[in-house]
Amino acid sequence: MNDDRCELLCVDAPRAEAIREKLLTEKRAQEAAGRARALSDPTRLTLAAALGEAGELCVCDLSWIAGRGQGLVSHHLRVLRSLGLVRSRREGKMVMYSLTERGASLLSAVLGEEIGV
């Protein structure tokens with residue numbers, strides 16, 4: 001006997017079909033999985049956590065905090081921005097980054113704690 005499977009096939013078709021109709025489309029599932037994968041990288045997770053703690057930081061600060069080069073940090077921030085998890089704004093010669101609401105929500109779910117953004 002396998003404890004992971006039913007021993008009897010008994011589909012509650014109306015209920016199962018109602019749930020299936022409410023599920024994500026394939027495209028939305030792919031997009032959501034991509035966002036979740038973004039925070040599976042330790043550097044991107046560290047950057048997101050730093051932004052969650054500080055609210056807004058420049059690339060120089062994020063580089064120092066993460067202990068990574070500015071080029072690498074900029075690359076990871078572009079990935080996070082392309083997925084809608086962070087936003088950027090130029091302030092003179094500096095580029096400031098902050099989490100989006102979606103980014104804060106995903107970070108909170110990944111860390112299992114509230115994020116103070």
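The values are calculated or read from the model by the stated rules, or taken from the named source; none is laboratory data. Given the structure is predicted, the values throughout are model-derived calculations rather than measurements. Using ideal geometry, Cβ is built from the backbone for each residue, glycine included, and neighbour counts are taken over all protein chains shown. Quick note on the areas: whole protein, heavy atoms, side chains included, nothing else; ligands and nucleic acids left out. Shrake-Rupley method; radii C 1.70, N 1.55, O 1.52, S 1.80 Å.
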*Within the stretch 33-41, can one find any residue that is out of contact with any Phe, Trp or Tyr (no Cβ under 7 Å at 6 or more places or on another chain), closer than 13 Å to Leu106 by Cα, of a type outside the set (Ser, Thr, Tyr) and assigned to a loop (DSSP other than H, G, I, E, B)?*
yes
*Among the residues of the stretch 93-112, which ones are hydrophobic (A, V, I, L, M, F, W, C) and under 17 Å from Asp41 (Cβ atoms)?*
Leu99, Leu106, Leu107, Ala109, Val110, Leu111
*Could you tell me which residue of the stretch 41-62 is farthest from Gly92 (Cα to Cα), considering only residues that are open to solvent by 40 Å² or more (accessible area, probe 1.4 Å) and free of Cβ contacts under 8 Å to residues at least 24 places away in the same chain?*
Pro42
*Answer yes if at least one residue in the stretch 5-24 is under 19 Å from the mean Cα position of the chain (by Cα) and either open to solvent by 90 Å² or more (accessible area, probe 1.4 Å) or at negative phi (or both), and no otherwise.*
yes
_Just the residues that are open to solvent by 60 Å² or more (accessible area, probe 1.4 Å) and in a helix (DSSP H, G or I), please, taken from the stretch 63-73._
Trp64, Ile65, Gln70, Leu72
*Can you confirm whether the stretch 12-24 contains a residue that is β-branched (Val, Ile, Thr), modelled with pLDDT under 90, part of a helix (DSSP H, G or I) and over 30 Å from His75 (Cβ atoms)?*
yes
*asked:* If I ask for residues that are touching a residue at least 24 places away in the same chain (Cβ under 8 Å), open to solvent by 90 Å² or more (accessible area, probe 1.4 Å) and part of a loop (DSSP other than H, G, I, E, B), which ones from the stretch 74-117 would you list?
replied: Val117
